[in-house]
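Here the structure is laid out as structure tokens; the discussion comes afterwards.
The values are calculated or read from the model by the stated rules, or taken from the named source; none is laboratory data. Predicted, not measured: the structure shown is a model, and the values here were computed from it. Please note: Cβ atoms are built from the backbone with ideal geometry, for glycine as well, and neighbour counts cover all protein chains shown. For the accessible areas, the whole protein counts, side chains as well, though only heavy atoms, and no ligand, DNA or RNA atoms are used. Shrake-Rupley method; radii C 1.70, N 1.55, O 1.52, S 1.80 Å.
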Amino acid sequence: MAWSEWEQVKAEAAQRQSAQMQLNRADGVPGASGGEADLVVNQDDLGAVGHEAYLLRGRLSRDGDHARPATFDAAIALTNGSFTSGSELLKVHDRWNSQLRTLLDACARISDHLDYSKSVHAADDADIGGNLLSVSKIGEYFK
């Protein structure tokens, strides 16, 4: 964008601005514009992803462990019967358990991170709103 275009955009924006800046606040202060918070922290799409991760973790913890006891018993029986496939089946068993734990942890992290993000953004929004409230009080002296 050229400098002249920038100056034109600034001039147009200044024309659209009212003489006094108004801030949207959701803090219930009398005289506030009654707008909602600008930072939306409970977006439906993120909530849906977190919920699905939570549901997936529940299903994986229940269904992902279904064959573990039988696989372990078969591996021990084959090993005790001097079959070399017993030790290999035990490796498959151990690898499955490791991968299942990794996947369960990933699902939990996704769900927890979205809850954490929502909380942090809500706190940030409240902090920003508080800072803007103190700045808006300065404007009262210039009326």
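Of note:
- Test: residue in region 110-120 that is of a type outside the set (Val, Ile, Thr), under 20 Å from GLY58 (Cβ atoms), assigned to a helix (DSSP H, G or I) and open to solvent by less than 50 Å² (accessible area, probe 1.4 Å): yes
- Region 55-73, subset more than 23 Å from ILE110 (Cβ to Cβ) and aliphatic (A, V, I, L, M), residue surrounded by the fewest Cβ atoms within 10 Å (Cβ to Cβ): ALA70
- Any hit, region 80-91, residues being in contact with a Gly (Cβ under 8 Å, 6 or more places away or on another chain), at pLDDT 85 or above and of a type in the set (S, T, N, Q): yes
- Given (1) open to solvent by less than 60 Å² (accessible area, probe 1.4 Å); (2) without any contact (Cβ under 8 Å) to a residue 60 or more places away in the chain, index of the condition ASP125 fails: (2)
- Taking (1) out of contact with any Leu (no Cβ under 8 Å at 6 or more places or on another chain); (2) at pLDDT below 60 in turn, ARG25 satisfies each apart from (1).
- Scanning region 89-120 for residues that are of a type in the set (Asp, Glu) and touching a residue at least 40 places away in the same chain (Cβ under 8 Å) yields a single hit, ASP115.
- Qualifying residue in region 110-128 (condition: among the aromatic types (Phe, Trp, Tyr), out of contact with any strand residue (DSSP E or B) (no Cβ under 7 Å at 6 or more places or on another chain) and modelled with pLDDT under 80): yes
- Residue match in region 74-91 (condition: open to solvent by less than 80 Å² (accessible area, probe 1.4 Å), β-branched (Val, Ile, Thr) and either touching a His at 6+ places or on another chain (Cβ under 6 Å) or not in a helix (DSSP H, G or I) (or both)): no
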